[in-house]
Amino acid sequence: MNEHYTDQLSDYLDDELTPGERAMVESHLAVCRDCSSTLEELRAVVARAGALLPRLPANDLWPGIEPRLTGPRDGQVVPFKARTSRRVSFTLPQLVAAGIALMVMSGGGVWVLQHGGRATSLPPVAATNEPPSVVPASSVNPRYDEAIADLEQALRAGRGDLDPATVRILEANIDAIDKAIAECRAALDADPANVYLNSHLAEARQRKLALLRRATALVGGKS
Amino acid sequence: MEALALRSPAESVPAAEPMSDVARAAAGDARAFEALYRTHLPRVNSLVRRMTAGRDADELTQDVFVRVWQKLGTFRGDSSFGTWLHRLAVNVVIERFRTDQARRARMHDGEDIFEVLPAPAVTRDIGMDFEAALERLPDGAREIFVLHDVEGYKHHEIASMLEISAGTSKAQLHRARMMLRKHLK
């Protein structure tokens, strides 16, 4: 029996040797009865270990576990702290302004649809040499104001050429838009940073511009 | 081919996992967790008892299941629940070992165990005889023998878990086998 080879028998069993080491162990086992016997004993130990069966403890351990199932648990989904709901509210003038703006937009759309056939020669709004269509509501835009003044003057000059009913609709819509703009501005005085109001003011101003352009174009088409 | 086909840790635990119990237990259902405990108790308690030579085995087993309860939310299903639980159990036992400052020294003592291991008792249950012999092994050799030959872990895994070299793991395994072979004669 050679102790050097005996020490390698477990590695031999577990296939942990290099091919060269393995060949040397096998050569030795072929001539050493003691080492061959030891190898068989080790093999029996490994087999016995692998055959061990799980066993229950003498007593149930659950009574000592259940009371301890409290406290923090890792990986638990912790809900975010409930967000304080932010109530969005508008003042009465703001709501009136929004309602008027909506009414003007709807009315303007109806008017355009009703008179669109008579104004087929109207140039597209974007084709005119007018100020840019986007006008910041919160800033003063002299070009916008000039354009509005020019269009209103042209409309006043040519209103005699238009059908009285059309003139009434136009003036009613323009008045409504002006009222919406005034309401929005009043509301913005109290809440200048209100995005909703700023957006509606910009939209109302653009609506007025577009309506005046179409109206003056209609006047021009009639004359 | 002389190499033995060792069971992998994954194969040494119950294969069919009641995933609904796992999910419910993870959500805080203690009854579902008790079902998991009942399923895995024999394997976990046997592992703990063999690794510790029976010392505080029941208390440690309870610690394992409490830890499982605490960690269940981190189980991602990358392995079977049984494999995950088994590895966690090994870690709990090893943590207990690490509290023993003399453990490193125990890896290198017990050379005279060949002489002190008692002769095999003549009983009808050779499994119990083997278990008794296992308990008499030096701590270091026994832990590695249980992890490798009983539980199916590889040397590199054992080395990682116990923070020793793979060579030490192989040497301790051989020591344990050599001691136990005398017992089986």
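Does any residue of region A:15-26 turn out to be farther than 28 Å from B:Asp129 by Cα, touching a Cys at 6+ places or on another chain (Cβ under 9 Å) and in a helix (DSSP H, G or I)? Within region A:15-26 (the criterion being farther than 28 Å from B:Asp129 by Cα, touching a Cys at 6+ places or on another chain (Cβ under 9 Å) and in a helix (DSSP H, G or I)), the answer is yes, since at least one residue qualifies. Would you be able to tell me the number of residues in region A:28-43 that are out of contact with any helix residue (DSSP H, G or I) (no Cβ under 6 Å at 6 or more places or on another chain) and without any contact (Cβ under 8 Å) to a residue 12 or more places away in the chain? So the count comes out to 5. Any chance region B:49-56 includes a residue that's small (Gly, Ala, Ser) and in a helix (DSSP H, G or I)? So far as region B:49-56 goes, no, none of its residues is small (Gly, Ala, Ser) and in a helix (DSSP H, G or I).
Here's the yes/no breakdown for (1) outside the structural domain of A:Ile100 (by TED's automatic domain parsing); (2) in contact with a helix residue (DSSP H, G or I) (Cβ under 7 Å, 6 or more places away or on another chain); (3) surrounded by 14 or more Cβ atoms within 10 Å (Cβ to Cβ); (4) of a type in the set (A, V, I, L, M):
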{"position": "A:Asp145", "(1), (2), (3), (4)": "no, no, no, no"}
{"position": "A:Leu155", "(1), (2), (3), (4)": "no, yes, yes, yes"}
{"position": "A:Ile174", "(1), (2), (3), (4)": "no, yes, yes, yes"}
{"position": "A:Lys179", "(1), (2), (3), (4)": "no, yes, yes, no"}
{"position": "A:Ala186", "(1), (2), (3), (4)": "no, yes, yes, yes"}
{"position": "A:Ala193", "(1), (2), (3), (4)": "no, no, no, yes"}
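Kindly indicate whether A:Arg73 is modelled with pLDDT of 70 or more, surrounded by 12 or more Cβ atoms within 10 Å (Cβ to Cβ) and either within 29 Å of B:Asp149 (Cα to Cα) or out of contact with any helix residue (DSSP H, G or I) (no Cβ under 9 Å at 6 or more places or on another chain) (or both). No; evaluated as a whole, the condition is false for this residue.
Under the condition of being modelled with pLDDT of 95 or more, within 11 Å of B:Val93 (Cβ to Cβ) and surrounded by fewer than 20 Cβ atoms within 10 Å (Cβ to Cβ), the residues counted in region B:41-56 number 0.
Please determine, by comparing only the residues of region A:30-69 that are in a helix (DSSP H, G or I), within 56 Å of the chain's Cα centre (by Cα) and at the interface with chain B (Cβ under 7 Å from one of its Cβ atoms), which one is surrounded by the most Cβ atoms within 10 Å (Cβ to Cβ).
A:Glu66
Filtered by the rule that a residue be hydrophobic (A, V, I, L, M, F, W, C), part of a helix (DSSP H, G or I) and modelled with pLDDT under 80, region A:155-173 gives A:Leu155, A:Ala165, A:Val167, A:Ile169, A:Leu170, A:Ala172.
Taking the criterion of being facing chain A (nearest Cβ under 8 Å) and of a type in the set (A, V, I, L, M, F, W, C), the residues of region B:34-65 that qualify are B:Leu41, B:Ala57, B:Phe65. Could you list all residues from region B:56-84 that are under 16 Å from A:Asn59 (Cβ atoms) and over 13 Å from the mean Cα position of the chain (by Cα)? Listed by number, the residues that qualify are B:Asp56, B:Asp58, B:Glu59, B:Gln62, B:Asp63, B:Phe65. Candidates B:His183, B:His156, B:His148: the one that is in a helix (DSSP H, G or I) and surrounded by fewer than 18 Cβ atoms within 10 Å (Cβ to Cβ) is B:His156.
Can you pull out the residues in region B:159-178 that are more than 7 Å from every other protein chain (Cβ to nearest Cβ), within 24 Å of B:Asn45 (Cα to Cα) and part of a helix (DSSP H, G or I)? Correct list: B:Ala159, B:Ser160, B:Met161, B:Leu162, B:Ser169, B:Gln172, B:Ala176.
The values are calculated or read from the model by the stated rules, or taken from the named source; none is laboratory data. Since this is a predicted model, take the numbers as computed values, not measurements. Cβ: placed from backbone, ideal geometry, glycine included. Neighbour counts: every protein chain shown.
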